[in-house]
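Reviewing the structure listed below.
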Amino acid sequence: MRTFMLSILLAISFYLQSQPWVQQNSVFNPSGVPSLPFSQPRFADVDADGDMDMLIGSTASKPFFVENIGTPTVPHFSPGIDILTGINPLDAEVAVFHDLDADGDLDLISGGFTGLNYYSNTGNPENPVFEHITGFFGGLITGYFPIPDLADIDNDGDKDLVVGLSENGMIRLYFNLGSSSSAIFNESQSVDVYDVGLYAYPVFNDLDNDGDYDLIAGRDGHNLWYLKNTGSAIQASWELNSSFFGEIANDTYWNSPGFADLNNDGTADLVYGTADGPLVCYFNSGTPDIPAWTIQTSLFGGVLDPGAASNPFLIDFDNDGDLDLLSGSQMGTIHYFENTGNAAGAAWQENSAFFATIDHSIYSAVTAGDVNGDGLPDVIVGDLSGKLYFYQNTPDGLQWITDVFQDIQLSGWSSPRLFDIDLDGDLDLIAGEENGKLSLIKNAGNAQQAIWFHYPNFFGNFDIGSNCVPAPVDLDFDGDTDLLCGGGFGDLVFLQNNNGNYVQNNLFIIGLDGNQNATPCFGDLDNDGDPDLVLGEYSGVFGYFRNDYLYVGVESNRPEPKTQLTVFPNPVADVLSVTINSESDSEVRLILFDVEGKIVSNWDKLLLVSGSNVLKLPASFQKPGVYLLKVIRQGEVQVIRLIKR
């Protein structure tokens, strides 16, 4: 069940974090079609070019438009322009295209948090423009997140409406009481077709080619359910055949089907989305009367691989609001995989030409960040030689500044990572080495002018064995940066930051296993507010582990906090409205930081009076996403999870 949650951490008791890591390597899919959470594909010829395009609904945001840039016979899907500009994501989790007003172009019917919504196409068939028609579905009792589809069920020349209900799993049919150009739907003229349990995902299709519409439904469970229309094109009657699709979708969950003749052979092909996100495609290799399903792995499949010895680092390199992927490699080449999806569903396209000037030794490692305050991410590269190389990002490309790091020599296979270790507003550098140790190279300057000092013994006697690669991350959500280190033999060691002391605590990574030359990095690739893990390895491929975090309370002797913090509304705007109840006059410090531990805003020595205090605080949000707000008062700490839309 979808739940909008406000997680308050460390309020009355200490919290331990249990990390169920779910491996989903299909995230690294270069097909250009993103893997969105709870994906729901729907098809139509949106741009009137004769082939079937696709909308992917999801729980992440408004539906994602994917254009068919192939042909009606040989489809090829690629992220298209945002044709849903201006559509409120709360109105549209999933959407379908139908000409509801009989004017020759496709309109948009969506279901979302606000219920059913109708967007009339005021453009033309080739260039759609959608205008919200308020109250069009007024009076229909469809609840939150209804799933719509349309077809002429009673053969009267207009489109009828089917809706899958989220909370009870009912499939409900609404007959069109109007006409083909002026649809009217009324709750009193509805029929409950079938209850699939929870979260019904129905679509219409004539799968047996008998001239009437059948229903195919996904649900909160495995498999797809086939409701065969045993009536007629005028008077429908549906009968369940839960085994019609055999083993299809038995190993995926929350499947949502879409049908289209993708290869122009006269049969309906099947594409379904899943809870995890990847789309699964089966071509109908049978006949229009008797389908036979053949899986197609190439249409949405593929694997990212920089060759060997992948060394990944996640950063929004092109500043478009989602995380891109940089990687070193065995041959020393730096690979750049641009995220052409979005913050919640990545799709990758290699665009490494920008890094072609980097050519040092083999076994390269890369990190990036703005170390000179010009708004451009600079690049630092390590390699087998143990040296570090600084490349300043300029409007003319990457420029090697030869005198930076020239006096620093590590033991070999230097693997650098940029992050603000001391939370002073500038980026420091930590580097793993071939000898298994870690070095700190601290920025003693500022965010505009870095001055680097090498502290080789900062992490004491820590030694992972060989080829240490560090990944900074705030895995315990306490506002400071921890480290996950990978090693040459596949070892993974988590160093928890306890007030500046790094203590090994592998309870945070139970269930994670690395392969040879495990090279970790973190980033929130599904935009759910916690850091997910990407693992490189000697073979070159990338592993992805989704972080399904869970906070578990533990009894503590700590007294209950005297400061109560709430933020309303949440999701938040650019100005935070913070209410703090205090038992006495005091000072308080508030720190706003992102899930990677970077401070976004900092308010120190705010004065509180006894009672309720309402603070209006302008926040410097960089982009939509999840942020953490920490309040510190007399040694007492609270953290609240915020969502910036």
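The values are calculated or read from the model by the stated rules, or taken from the named source; none is laboratory data. Small disclaimer: the values here were computed from a predicted structure and weren't measured. Cβ placement follows ideal geometry from the backbone for every residue including glycine, while neighbour counts extend to all protein chains displayed. Side chains are part of the model used for accessible areas, which takes the heavy atoms of the whole protein and leaves out ligands, DNA and RNA. Shrake-Rupley method; radii C 1.70, N 1.55, O 1.52, S 1.80 Å.
Take the conditions modelled with pLDDT of 90 or more, of a type in the set (Ser, Thr, Tyr) and open to solvent by 10 Å² or more (accessible area, probe 1.4 Å) and apply them to residue 59. Does it pass?
Details: modelled with pLDDT of 90 or more: no; of a type in the set (Ser, Thr, Tyr): yes; open to solvent by 10 Å² or more (accessible area, probe 1.4 Å): yes.
Judged against the criteria, residue 59 is not a match.
Residues that are loosely packed, with under 15 Cβ neighbours inside 10 Å, among the small types (Gly, Ala, Ser) and more than 24 Å from residue 212 (Cβ to Cβ): does the range 125-137 have at least one?
Within the range 125-137 (the criterion being loosely packed, with under 15 Cβ neighbours inside 10 Å, among the small types (Gly, Ala, Ser) and more than 24 Å from residue 212 (Cβ to Cβ)), the answer is yes, since at least one residue qualifies.
Please name all residue pairs, on different chains or six or more residues apart, with Cβ atoms under 9 Å, provided the first residue is in the range 235-254 and is within 19 Å of residue 197 (Cα to Cα) and the second residue is open to solvent by 60 Å² or more (accessible area, probe 1.4 Å) and not in a loop (DSSP other than H, G, I, E, B).
Pairs found: 238/194; 238/228; 239/228; 240/194; 240/228; 241/228; 244/228.
Could you check, for the range 202-213, whether at least one of its residues is in contact with a Pro (Cβ under 8 Å, 6 or more places away or on another chain), open to solvent by less than 10 Å² (accessible area, probe 1.4 Å), of a type outside the set (Val, Ile, Thr) and in a strand (DSSP E or B)?
No, the range 202-213 contains no residue that is in contact with a Pro (Cβ under 8 Å, 6 or more places away or on another chain), open to solvent by less than 10 Å² (accessible area, probe 1.4 Å), of a type outside the set (Val, Ile, Thr) and in a strand (DSSP E or B).
Of the residues 373, 425, 386, 465, which is part of a loop (DSSP other than H, G, I, E, B) and modelled with pLDDT of 95 or more? If you could, list the steps in order and put the result at the bottom.
Values: 373 fails: modelled with pLDDT of 95 or more; 425 fails: modelled with pLDDT of 95 or more; 465 fails: modelled with pLDDT of 95 or more.
Going through 373, 425, 386, 465 in turn, the sole match is 386.
Go through (1) crowded, with 22+ Cβ neighbours inside 10 Å; (2) of a type outside the set (Phe, Trp, Tyr); (3) in a loop (DSSP other than H, G, I, E, B) for residue 264 and report which single condition fails.
Tallying (1) crowded, with 22+ Cβ neighbours inside 10 Å; (2) of a type outside the set (Phe, Trp, Tyr); (3) in a loop (DSSP other than H, G, I, E, B), residue 264 fails exactly one: (1).
When you look at residue 152, is it open to solvent by 10 Å² or more (accessible area, probe 1.4 Å) and either out of contact with any Leu (no Cβ under 8 Å at 6 or more places or on another chain) or closer than 19 Å to residue 186 by Cα (or both), yes or no?
yes
Taking the range 410-440, which residues are in contact with a His (Cβ under 8 Å, 6 or more places away or on another chain) and surrounded by 23 or more Cβ atoms within 10 Å (Cβ to Cβ)? So that I can check it myself, show each step before the final result.
Initially, the range 410-440 is screened for residues in contact with a His (Cβ under 8 Å, 6 or more places away or on another chain), giving 439-440.
If the condition is that a residue be in contact with a His (Cβ under 8 Å, 6 or more places away or on another chain) and surrounded by 23 or more Cβ atoms within 10 Å (Cβ to Cβ), then 439 is the only one that fits.
Quick one: in the range 262-315, which of the residues that are among the acidic types (Asp, Glu) and over 29 Å from the mean Cα position of the chain (by Cα) is nearest to residue 203 (Cα to Cα)?
Among residues in the range 262-315 that are among the acidic types (Asp, Glu) and over 29 Å from the mean Cα position of the chain (by Cα), the one nearest to residue 203 (Cα to Cα) is 289.
Can you pull out the residues in the range 155-173 that are free of Cβ contacts under 8 Å to residues at least 40 places away in the same chain, open to solvent by less than 20 Å² (accessible area, probe 1.4 Å) and within 12 Å of residue 199 (Cα to Cα)?
165, the sole residue that qualifies.
Scanning the range 177-201 for residues that are at negative phi and of a type in the set (Phe, Trp, Tyr), which turns out surrounded by the most Cβ atoms within 10 Å (Cβ to Cβ)? Give the steps one after another, and end with the answer.
So the first thing to find is which residues in the range 177-201 are at negative phi, and the list is 177-196, 198, 200-201.
From the residues that got through so far, the ones that are of a type in the set (Phe, Trp, Tyr) too are 185, 194, 201.
Values: 185: 22, 194: 18, 201: 29.
This residue is 201.
When the residues of the range 613-635 are filtered to those that are small (Gly, Ala, Ser) and not in a strand (DSSP E or B), which remaining residue is least open to solvent (accessible area, probe 1.4 Å)? Before the answer, list the steps.
As a first pass, look at the range 613-635 and keep what is small (Gly, Ala, Ser): 619-620, 625, 635.
Filter once more, keeping what is not in a strand (DSSP E or B): 619-620, 635.
Values: 619: 16, 620: 61, 635: 59 Å².
That would be 619.
Select the strands (runs of 3 or more DSSP E) contained entirely in the range 483-531, then report the ones holding at least 3 residues which are among the aromatic types (Phe, Trp, Tyr). Give the steps one after another, and end with the answer.
Details: elements: 492-498, 501-504, 519-523.
It comes to none.
All but one of (1) within 28 Å of the chain's Cα centre (by Cα); (2) open to solvent by less than 60 Å² (accessible area, probe 1.4 Å) hold for residue 460; state the number of the condition that does not hold.
Looking at each condition in turn, residue 460 falls short on (1).
Inspect all residues belonging to the range 478-485 and state whether any of them is surrounded by fewer than 21 Cβ atoms within 10 Å (Cβ to Cβ) and in contact with a Leu (Cβ under 9 Å, 6 or more places away or on another chain). Write out each step before concluding.
Within the range 478-485, the subset surrounded by fewer than 21 Cβ atoms within 10 Å (Cβ to Cβ) is 479-480.
Now narrow it down to the ones that are in contact with a Leu (Cβ under 9 Å, 6 or more places away or on another chain): 479-480.
Yes, the range 478-485 contains at least one residue that is surrounded by fewer than 21 Cβ atoms within 10 Å (Cβ to Cβ) and in contact with a Leu (Cβ under 9 Å, 6 or more places away or on another chain).
Looking only at the range 76-98, how many residues end up being open to solvent by 20 Å² or more (accessible area, probe 1.4 Å) and either over 29 Å from residue 158 (Cβ atoms) or without any contact (Cβ under 8 Å) to a residue 12 or more places away in the chain (or both)?
8
Just to be sure before I move on: is residue 26 modelled with pLDDT under 80, surrounded by fewer than 16 Cβ atoms within 10 Å (Cβ to Cβ) and out of contact with any helix residue (DSSP H, G or I) (no Cβ under 8 Å at 6 or more places or on another chain) in the structure I sent? So that I can check it myself, show each step before the final result.
Numbers: modelled with pLDDT under 80: yes; surrounded by fewer than 16 Cβ atoms within 10 Å (Cβ to Cβ): no; out of contact with any helix residue (DSSP H, G or I) (no Cβ under 8 Å at 6 or more places or on another chain): yes.
Judged against the criteria, residue 26 is not a match.
Can you tell me how many residues within the range 576-590 are open to solvent by less than 20 Å² (accessible area, probe 1.4 Å), at pLDDT 85 or above and within 24 Å of residue 424 (Cα to Cα)?
Of the residues in the range 576-590, 2 are open to solvent by less than 20 Å² (accessible area, probe 1.4 Å), at pLDDT 85 or above and within 24 Å of residue 424 (Cα to Cα).
Could you tell me whether the range 551-564 includes any residue that is open to solvent by 50 Å² or more (accessible area, probe 1.4 Å), under 27 Å from the mean Cα position of the chain (by Cα) and modelled with pLDDT of 50 or more?
The answer is no; no qualifying residue exists.
Taking interchain pairs and intrachain pairs at least six residues apart, which have beta carbon atoms under 6 angstrom, with the first residue in the range 408-428 and among the basic types (Lys, Arg) and the second surrounded by 18 or more Cβ atoms within 10 Å (Cβ to Cβ)?
Filtered contacts from the range 408-428: 417/367; 417/430; 417/470; 417/472.
Considering each of 282, 272 in turn, give the residue that is assigned to a strand (DSSP E or B), modelled with pLDDT of 90 or more and surrounded by fewer than 22 Cβ atoms within 10 Å (Cβ to Cβ).
Working: 272 fails: surrounded by fewer than 22 Cβ atoms within 10 Å (Cβ to Cβ).
Criteria check complete, one pass: 282.
If you scan the range 591-601, which residues turn out to be acidic (Asp, Glu) and either open to solvent by less than 30 Å² (accessible area, probe 1.4 Å) or in a loop (DSSP other than H, G, I, E, B) (or both)?
So in the range 591-601, the residues acidic (Asp, Glu) come out as 594, 596.
The one that is acidic (Asp, Glu) and either open to solvent by less than 30 Å² (accessible area, probe 1.4 Å) or in a loop (DSSP other than H, G, I, E, B) (or both): 596.
Name the residue that is modelled with the highest pLDDT, counting only residues in the range 526-541 that are open to solvent by less than 10 Å² (accessible area, probe 1.4 Å) and over 14 Å from residue 470 (Cα atoms).
Among residues in the range 526-541 that are open to solvent by less than 10 Å² (accessible area, probe 1.4 Å) and over 14 Å from residue 470 (Cα atoms), the one modelled with the highest pLDDT is 532.
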